[in-house]
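Asker: This structure is in structure tokens; I'll ask about it shortly.
Derivation of every value follows stated rules applied to the coordinates shown; laboratory data play no part. The structure displayed is predicted, hence computed values, not measured ones. Glycine gets a Cβ as well: all are built from the backbone with ideal geometry, and neighbour counts include every protein chain shown.
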Amino acid sequence: MSKRVRIARLSIFLIAGAILTYFLLSVSGSMEQTLSNIYKALKKADTVWLLLSLVLFSFTQLIRAWRWQVLSWNHKIHLGKSLPLTAIHVGLGHLLPMRLSDVALVGLFKRYAYLPAGNGAATVMLAKIMDVIAMGFVVACSFAAGLSGSVVYVAASASVLGVLSLFFLPSILSLFTRPIKAITGEGRITNGWKEMIKATKINRKRRPAVSLAMGLSIAGWTVKLFMFYAFLRAVGVDDLPMWQIFTASAVTDLTMALPVHGLLSLGTVEAGWVAGFALTGVTGTLPGGLSVVEAGFSVHMLWLFMAVLLMLGGTAVLLLSGRKGNI
């Protein structure tokens with residue numbers, strides 16, 4: 001992809017995010033009133049629920065850091081490196097558009113944990129597939145609490161497709177080896193691609209680690225969905241069934257995982273939030289007085305603030321520890 005194409009694609013998503021933000025803020029009437037309600041919700045946010053949200057958010061990052069360790073195979077990343085790198089990755093995911101944070105993470109793995117670029121890319125790809133499996137599994141399971149209809153089948157299908165992708169990923173990637181070699185020659189890019197294919201293979205020796213990583217993915221997603229519940233309680237939204245919150249939160253987080261959002265993820269995250277609640281039949285005003293849009297922006301601002309806060313902490317740890325492989 002040429003530089004001009006990348007710039008054009010980035011511009012499209014930035015403009016789309018701005019348009020979505022404007023549309024969502026003005027769709028319920030006065031933009032001034034909507035912004036005022038969001039400001040009031042943030043100003044009056046419950047401290048106890050905010051602290052609980054931060055604890056749950058930190059716990060999800062700890063789980064993700066452990067998963068990076070597991071998926072790095074023989075290039076073990078020490079938890080003292082994996083945890084701050086995870087905090088930085090999550091923070092950048094909130095700030096940067098189009099999942100550029102994933103590219104940055106591969107570079108951070110190489111620089112601070114001495115994980116080869118091919119292995120780092122494979123680790124990120126496997127983790128993304130496991131996130132899709134976990135998300136589909138958690139949302140599909142919520143049918144027992146009230147969710148029904150096509151969304152259950154879509155979520156279950158996403159899990160099945162994710163499992164298949166997990167095992168057939170090396171074969172799929174291998175199809176592109178020859179074209180890449182023809183374009184770039186037998187050099188660093190081709191060698192890195194082959195290295196990535198090798199790192200995505202799930203053999204008998206790696207199956208226990210894959211099972212552990214999958215369990216961590218499901219645990220991390222479950223904790224994150226409870227984090228969204230705590231965020232909603234913090235801004236005064238209560239009496240919503242957990243299955244509705246889980247479904248809406250899963251769709252919201254999915255927009256963060258896909259390369260479709262702009263700067264600060266504004267607009268796209270809130271659109272996912274509104275769509276997620278609409279799937280559960282919730283529109284308009286939520287218990288507590290905030291509209292779905294106002295609650296979405298309020299939760300997003302709190303989530304963004306905490307992500308940046310933990311990212312700054314992770315950056316400080318890395319700067320203090322230097323470029324050692326372990327700390």
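Asker: What is the sum of charges around Gly185, taking Lys and Arg as +1, Asp and Glu as -1, for the other residues whose C-beta is under 15 Å from the C-beta of Gly185?
Answerer: On the way: positive: Arg178, Lys181, Arg188, Lys194; negative: Glu186.
Residues close to Gly185 contribute a combined charge of +3.
Asker: Taking the alpha-carbon centroid of each part, what is the distance from the stretch 125-142 to the stretch 240-298 in angstrom?
Answerer: The stretch 125-142 and the stretch 240-298 have Cα centres spaced 18 Å from each other.
Asker: Of Lys76/Lys201; Lys128/Lys181; Lys81/Lys110, which ones are farther than 20 Å apart at the Cα?
Answerer: Details: Lys76/Lys201 17 Å; Lys128/Lys181 26 Å; Lys81/Lys110 12 Å.
The answer is Lys128/Lys181.
Asker: Something else now. Whole percent per 10 Å bin, from 0 to the bin with the longest distance: what is P(r) over all C-alpha pairs of the chain?
Answerer: Final binned percentages: 6, 24, 33, 25, 10, 2, 0.
Asker: Per-residue counts of other Cβ atoms within 10 Å, averaged by peptide: what ranking do you get for 300-308, 249-257, highest first? Show your work: numbers first, answer last.
Answerer: Details: 300-308: 19.7, 249-257: 21.8.
Highest mean packing first, the order is 249-257, 300-308.
Asker: Can you list the DSSP H helices in the chain whose Cα atoms extend at least 30 Å along the helix axis and whose mean Kyte-Doolittle hydropathy is -0.5 or higher?
Answerer: Details: long enough: 3-26 (35 Å, 1.28); 47-71 (36 Å, 1.18); 117-141 (36 Å, 1.54); 150-174 (34 Å, 1.90); 207-234 (40 Å, 1.05); 292-321 (43 Å, 1.90).
Span-like helices here: 3-26, 47-71, 117-141, 150-174, 207-234, 292-321.
Asker: To the nearest 500 deg cm²/dmol, what mean residue ellipticity at 222 nm is calculated for the chain from DSSP H runs of n ≥ 4 alone, each contributing -39,500 (n - 2.57), summed and divided by the residues?
Answerer: -26000 deg cm²/dmol
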